[in-house]
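K.L.:
The following block contains the structure, expressed as structure tokens.
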Amino acid sequence: MNAVGIDVSKGRSTVSIIRQFGEVVRAPFDVSHTAEDLKELAALIKSLPGETKVLMESTGNFYEPVARTLSAEGIFVCVVNAWLIKQYNVNHMRRAKTDNKDSMKLAAFCIDCWLELVEYRPEEDIRRDLKLLNRQYQLNIKAQTQVRLHLISQLELTFPGIRGQFTSPIRNTDGHEKWVDFVSAFPHRDRVAKLSLSVFKTKYRSFCKKKGYQYTESKAVQIHTFSRSVVCSLNLDDTVGFVIGNLTSQLIMLMENSFEIRRRMTELAVQLPEYDTVLGLFGVGKTTAPQLIAEIGDPRRFHSAKAITAYAWLDTEPDDSGQIVNKGERHITKRGPAFLRKTLFMVMTTYLEMKPQEEPVYQFLDKKRSEGKMYYVYMIAAANKFLRIYYARVRDALKEQ
């Protein structure tokens with residue numbers, strides 16, 4: 001039994017090789033993440049007599065080149081959560097931490113958990129790309145929210161209440177919103193109020209034609225009347241125009257990016273066999289379906305519904321000792337994929353808004369709510385049940401194919 005522990009970092013890794021009872025085959029040594037060095041490492045590992053397993057932590061994306069290279073060479077590779085290694089064999093007072101010690105610790109963990117190690121399987125290109133796009137989408141949405149809130153606060157000084165004059169939804173061709181396009185052309189109430197109604201109608205008609213919106217005369221009259229009734233805190237000058245123009249251009253760019261990312265995510269998701277099943281679940285739309293698929297990955301890698309809820313860290317840790325069994329309120333562990341829990345929370349919000357009485361997830365949610373559970377408690381409990389239903393339906397659909 002040859003246990004190879006690899007402590008991965010950016011650009012290089014520290015490797016240790018041991019056998020049972022602490023026999024050191026190779027003391028810790030460094031390997032660069034180059035094609036030549038990784039090929040030499042693979043040759044060294046394959047030359048070891050007996051059975052060999054390689055263990056490394058899932059540290060960001062740094063482990064991927066090493067794991068993929070060694071796995072392609074036919075070597076057994078296992079990638080584990082860094083939290084498991086952190087909690088393993090804490091039997092010393094000093095908190096010394098070096099790459100050499102970490103690689104030896106990984107090799108020792110490999111020996112102790114030899115029979116429980118699960119072999120690493122590289123993710124399909126489609127699923128990997130889908131997950132990459134989802135992370136980019138979440139980052140884009142975060143930036144978009146910040147810019148949107150800042151723009152709204154600035155408009156309270158230049159054109160208060162103008163956002164409420166528009167009720168058009170987000171345009172499904174490019175992700176634009178009419179009120180954002182409008183304030184990019186009319187950043188201050190004076191740009192409207194100081195014009196006569198006939199002149200503003202002409203300008204508003206030209207704006208609608210240029211941006212692709214439907215023009216109605218009643219809306220032009222409504223906006224013109226409203227602009228003359230509001231009071232702003234800042235006078236119109238070059239600085240005000242620059243600030244509002246800069247914010248609207250940033251927001252429009254982010255909205256267009258979000259739309260393009262969603263489109264690309266849908267193109268990838270429809271190629272996966274579970275897409276139609278996931279889209280058919282209540283509360284899941286064309287935006288959240290690719291997000292769920294991206295964060296959950298291939299559901300066939302989970303052996304049970306308990307495994308998928310444990311992966312999302314929506315379960316609670318057991319807490320009992322002797323005759324004492326704690327069945328009271330316990331927090332979820334909450335160490336897994338945060339983006340998955342965020343998407344599930346969005347789905348649960350849809351259940352609350354739509355109130356589908358025939359859906360088992362809503363029935364369960366409503367039951368917990370009627371018991372007096374706190375908001376986050378019944379939302380997480382319902383998300384747990386939804387995830388179990390997701391696993392069962394997707395698994396059955398994949399079996400039929």
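K.L.:
Show me the helices (runs of 4 or more DSSP H) entirely contained within the range 124-216 in which 1 or more residues are surrounded by 15 or more Cβ atoms within 10 Å (Cβ to Cβ) and of a type in the set (Val, Ile, Thr). Don't jump to the end; show me each part of the working.
P.N.:
Numbers: elements: 125-158, 178-185, 190-193, 197-211.
Passing ranges, in order: 125-158, 178-185, 190-193.
K.L.:
Can you pull out the residues in the range 255-303 that are free of Cβ contacts under 8 Å to residues at least 60 places away in the same chain and polar (S, T, N, Q)?
P.N.:
Thr266, Thr287, Thr288
K.L.:
While we're on this one: With respect to Arg330, is the statement that it is among the charged types (D, E, K, R), modelled with pLDDT under 90 and open to solvent by 60 Å² or more (accessible area, probe 1.4 Å) true?
P.N.:
Working: among the charged types (D, E, K, R): yes; modelled with pLDDT under 90: yes; open to solvent by 60 Å² or more (accessible area, probe 1.4 Å): yes.
Yes.
K.L.:
What is the number of the single condition among (1) open to solvent by 60 Å² or more (accessible area, probe 1.4 Å); (2) closer than 21 Å to Arg148 by Cβ that Thr248 does not meet?
P.N.:
It fails just one condition, (1).
K.L.:
I'd like the full set of residues that are under 34 Å from the mean Cα position of the chain (by Cα) and β-branched (Val, Ile, Thr), limited to the range 1-31.
P.N.:
Of everything in the range 1-31, those that are under 34 Å from the mean Cα position of the chain (by Cα) and β-branched (Val, Ile, Thr) turn out to be Val4, Ile6, Val8, Thr14, Val15, Val31.
K.L.:
Please count how many residues of the range 333-363 are among the polar types (S, T, N, Q), open to solvent by less than 60 Å² (accessible area, probe 1.4 Å) and either modelled with pLDDT of 90 or more or on the phi > 0 side of the Ramachandran plot (or both).
P.N.:
First, pick out the residues of the range 333-363 that are among the polar types (S, T, N, Q): 333, 343, 349-350, 357, 363.
So of that shortlist, the ones also open to solvent by less than 60 Å² (accessible area, probe 1.4 Å) come out as 333, 343, 349-350.
Of the ones still in play, those that are also either modelled with pLDDT of 90 or more or on the phi > 0 side of the Ramachandran plot (or both) are 343, 349-350.
Final tally of qualifying residues: 3.
K.L.:
Also, I was wondering about something else. Quick check on the range 106-122: of everything there that is of a type outside the set (Lys, Arg) and touching a Lys or Arg at 6+ places or on another chain (Cβ under 8 Å), which residue is least open to solvent (accessible area, probe 1.4 Å)? Before you say what the answer is, go through the steps one by one.
P.N.:
Of the residues in the range 106-122, the ones of a type outside the set (Lys, Arg) are 106-120, 122.
From what is left, the residues that are touching a Lys or Arg at 6+ places or on another chain (Cβ under 8 Å) are 110-111, 114, 117, 122.
Numbers: Cys110: 0, Ile111: 30, Trp114: 17, Leu117: 22, Pro122: 60 Å².
Only one residue fits best here, namely Cys110.
K.L.:
Still on this structure, I have one more. What number of residues within the range 14-31 satisfy the criterion of being at pLDDT 90 or above and either exposed (fewer than 12 other Cβ atoms within 10 Å of the Cβ) or of a type in the set (S, T, N, Q) (or both)?
P.N.:
2
K.L.:
Any chance you could count how many residues in the range 32-46 are open to solvent by less than 40 Å² (accessible area, probe 1.4 Å) and under 33 Å from the mean Cα position of the chain (by Cα)? Outline the logic, then answer.
P.N.:
Step one: list which residues in the range 32-46 are open to solvent by less than 40 Å² (accessible area, probe 1.4 Å), which gives 38, 41-42, 45.
Remaining after also requiring under 33 Å from the mean Cα position of the chain (by Cα): 38.
Within the range 32-46, residues that are open to solvent by less than 40 Å² (accessible area, probe 1.4 Å) and under 33 Å from the mean Cα position of the chain (by Cα) number 1.
K.L.:
Then there is this: Identify all residues within the range 392-401 that are over 14 Å from Val284 (Cα atoms) and part of a helix (DSSP H, G or I); write none if there are none. Explain how you work it out, then say what you get.
P.N.:
The first filter runs over the range 392-401 and keeps only residues over 14 Å from Val284 (Cα atoms), leaving 392, 395-401.
Once the filter is applied, which keeps residues that are over 14 Å from Val284 (Cα atoms) and part of a helix (DSSP H, G or I), the range 392-401 yields Ala392, Arg395, Asp396, Ala397, Leu398, Lys399, Glu400.
K.L.:
Among the numbered criteria (1) over 29 Å from His303 (Cβ atoms); (2) β-branched (Val, Ile, Thr); (3) open to solvent by 10 Å² or more (accessible area, probe 1.4 Å), which one does Val8 miss?
P.N.:
All conditions are met except number (1).
K.L.:
Given the range 2-47, what strands (runs of 3 or more DSSP E) lie entirely inside it while holding 2 or more residues that are over 20 Å from Trp114 (Cα atoms) and touching a Ser or Thr at 6+ places or on another chain (Cβ under 8 Å)? Can you show your working first?
P.N.:
Numbers: elements: 2-8, 12-18, 24-32.
Fully inside the range 2-47 and qualifying: 12-18, 24-32.
K.L.:
Related question: Do we find that Asn257 is within 19 Å of the chain's Cα centre (by Cα) and open to solvent by 60 Å² or more (accessible area, probe 1.4 Å) in this structure?
P.N.:
So Asn257 passes the test.
K.L.:
Okay, moving on. Here are the criteria: (1) touching a residue at least 12 places away in the same chain (Cβ under 8 Å); (2) farther than 30 Å from Tyr137 by Cα. Tell me which single one Ser196 does not satisfy.
P.N.:
Every listed condition holds for Ser196 apart from (1).
K.L.:
Now for a different question. If you go through the range 291-310 one residue at a time, how many are outside any helix (DSSP H, G or I) and open to solvent by 10 Å² or more (accessible area, probe 1.4 Å)?
P.N.:
Quick first cut of the range 291-310, residues outside any helix (DSSP H, G or I) only: 297-298, 302-304.
Those still in the list that are open to solvent by 10 Å² or more (accessible area, probe 1.4 Å) too: 298, 302-304.
So the answer is 4.
K.L.:
Restricting attention to the range 229-236, does a residue exist that is over 18 Å from Gly161 (Cα atoms), more than 32 Å from the chain's Cα centre (by Cα) and in a helix (DSSP H, G or I)?
P.N.:
Filtering the range 229-236 down to residues over 18 Å from Gly161 (Cα atoms) leaves none.
Among the residues of the range 229-236, not one is over 18 Å from Gly161 (Cα atoms), more than 32 Å from the chain's Cα centre (by Cα) and in a helix (DSSP H, G or I), which makes the answer no.
The values are calculated or read from the model by the stated rules, or taken from the named source; none is laboratory data. All of these numbers come straight from a predicted model, not from anything done at the bench. Virtual Cβ from ideal backbone geometry, glycine too; neighbours counted across all protein chains shown. Just the protein is used for accessible areas: all its heavy atoms, side chains included, with ligands, DNA and RNA removed. Shrake-Rupley method; radii C 1.70, N 1.55, O 1.52, S 1.80 Å.
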